[in-house]
Amino acid sequence: MSQRDPADPAEKRSLPLEMDPAAAQRLLSTVEPPVLLDVREAWERDIVDLGQGIHLPVGQLGQRWSELPRDKPLLVYCHHGVRSLHAVAFLRENGFALAQSLRGGIDRWAEQCEPGMARY
């Protein structure tokens, strides 16, 4: 196992693994918002999604992670935040230092940020 170099710029900007919906909502309204990465299945996305972004079901992440941008923040989400947290752990291990999971997933987002949003 390799040691991390604290002088490495990526280490200095290490982010928490998760972000609360309110903080995510603020960040998504900025000039340079993170790229949304939806790791749910297609049938879930058909019910509701957070808008523009990348759809890559978590089961395909191991084969397709190289398609994702490494140089931009990624906000990863699923239904309740479990799959997205696992996805972020995988992405961080593979060099995506700016990946974060939406805490509580789209369900908590609907509860806290968009109460009229469809839930399942």
Segment 8-69: helices (runs of 4 or more DSSP H) wholly inside it with 1 or more residues that are touching an Asp or Glu at 6+ places or on another chain (Cβ under 9 Å) and of a type in the set (D, E, K, R) are 9-12, 42-47
Quick test of your reading of the structure: TRP109 fulfils all but one of (1) without any contact (Cβ under 8 Å) to a residue 60 or more places away in the chain; (2) surrounded by 15 or more Cβ atoms within 10 Å (Cβ to Cβ); (3) aromatic (Phe, Trp, Tyr). Name the failing condition by number.
(1)
Please determine whether any residue of segment 19-40 is at pLDDT 95 or above, small (Gly, Ala, Ser) and under 17 Å from TYR120 (Cα atoms).
no
Just wondering, is there one or more residues in segment 82-94 that are exposed (fewer than 13 other Cβ atoms within 10 Å of the Cβ), of a type in the set (Phe, Trp, Tyr) and not in a loop (DSSP other than H, G, I, E, B)?
no
Please work out which residue is surrounded by the fewest Cβ atoms within 10 Å (Cβ to Cβ), limiting yourself to segment 11-70 and to residues that are over 21 Å from ASP107 (Cα atoms) and hydrophobic (A, V, I, L, M, F, W, C).
VAL31
Residue satisfying condition, being over 19 Å from ILE106 (Cα atoms) and at pLDDT below 95, within set ARG92, ARG4:
ARG4
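The values are calculated or read from the model by the stated rules, or taken from the named source; none is laboratory data. Computed from a predicted structure; not experimentally measured. Counting neighbours? That spans all protein chains shown, and the Cβs are built from the backbone with ideal geometry, glycine included.
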